[in-house]
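See structure below.
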Amino acid sequence: MGYRLSKIYTRTGDQGTTGLGPKQRVPKDHPRIEAIGTIDELNALLGLLLAHSIPHSLHQSLTPIQHELFDLGGELSIPPTLIIQASQVQALERLLDNLNEELPPLKEFILPGGTIPAGICHLARTTCRRAERRLVSLAKEESVNAESLKYLNRLSDLLFVMARELTRTAGAKEILWEKHR
């Protein structure tokens, strides 16, 4: 098998289009490309988070998620491919439930932050929400895997809980939102 990326620049996108699947070109601002790009941003933020010192259990959880986000980008790049499955959504739910069990209940909204890793995790959460919105926009025009939408929805919840866990394990304090300060 040859190298997948033997040449980095191809010049095929110089006119504002990009390739999807076998021989299909779309504008670079097409809703499908917007979704793929935002998922890529999310994956890059998770890579940044993983470059920091975080608990081993979270590191072990995030690496497979990065692979799944790459799979999701692939799913979107080659329509009508379906890669994300209900079992992956359920795995996120189990992880979310396990992490949330250890955290104190929230009585108020918290401000994003806590520590640098927690702040990056909050930024990843907001990027995940944007990726979900981009996928919803695409679904208004074209068929989208319902499991992929669920996956992004659960992942954003998981990233919120992970940010809280990162704050807790660092011994930092969550800053509660003060309404009517």
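The values are calculated or read from the model by the stated rules, or taken from the named source; none is laboratory data. In this text, all values refer to a predicted model and were calculated from it rather than measured experimentally. Backbone-built Cβ (ideal geometry, glycine too); neighbour counts: all protein chains shown. Heads up: the accessible areas ignore ligands, DNA and RNA and are worked out on the full protein's heavy atoms, side chains in. Shrake-Rupley method; radii C 1.70, N 1.55, O 1.52, S 1.80 Å.
Annotations
- Taken about its Cα centre, the chain carries a charge dipole of about 440 debye when Lys and Arg each add +1 at the Cβ and Asp and Glu each add -1 at the Cβ.
- The largest accessible area among Val136, Val26, Val144 belongs to the first residue in Val136, Val144, Val26, and the rest follow in falling order (1.4 Å probe, all chains).
- Summing charges over neighbours of Ile175, with a neighbour being any other residue whose Cβ is under 14 Å away from its Cβ, gives +3 when K and R count +1 and D and E count -1.
- Ranking Thr169, Asn100, Gly74 by how far each Cα lies toward the positive end of the dipole of the chain (charges on Cβ) leaves Gly74 at the top.
- Since only Leu135, Tyr151, Ile116 are under comparison, the one whose Cα sits farthest along the positive direction of the charge dipole of the range 116-160, derived from C-beta charges on Lys, Arg, Asp and Glu, is Ile116.
- With Cα atoms, 0 to 90° folded angle of helix 56-77 axis to the chain main axis: 30
- Each principal axis of the Cα cloud of the chain was taken in turn, and the coordinate range along them, longest first, works out to 53, 36, 34 Å.
- Remark: accessible surface ordering of Leu176, Leu82 (largest first) is Leu82, Leu176, probe radius 1.4 Å.
- For the peptides 83-92, 145-154, the ranking by packing is 145-154, 83-92, with the highest mean count of neighbouring Cβ atoms within 10 Å listed first.
- Ligands, DNA and RNA left out, the accessible area of the chain computed with a 1.4 Å probe is 54% carbon and sulfur.
- Only lysine pairs 8 or more places apart or on separate chains count here, and in the chain those with Cα atoms under 19 Å apart total 5.
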